């Protein structure tokens, strides 16, 4: 019983860390960073980061109601 509880808690903590990591991760260049339609709203990152070249700032550019994308500022 104790081993099962230990495994459950380990898995629960791993899942919580994964969700928290996703929430704080920004989209990379040319990836989606916003948008919505009538019954759906973007739940991913709304910030942008350039992993290939951190010296080039990115901005989340509104394209239309359904899509925003990370592009060089």
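The values are calculated or read from the model by the stated rules, or taken from the named source; none is laboratory data. Only a predicted model underlies this, so the values are computations on that prediction, with no experimental measurement involved. Cβ placement follows ideal geometry from the backbone for every residue including glycine, while neighbour counts extend to all protein chains displayed.
Below are the figures for this structure:
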read-out: Counted residues, the stretch 1-52 - those being surrounded by 10 or more Cβ atoms within 10 Å (Cβ to Cβ) and either at pLDDT 95 or above or not in a helix (DSSP H, G or I) (or both); value: 21
read-out: Within the stretch 53-73, tally of residues that are more than 11 Å from residue 33 (Cα to Cα), touching a residue at least 12 places away in the same chain (Cβ under 8 Å) and not in a strand (DSSP E or B); value: 4
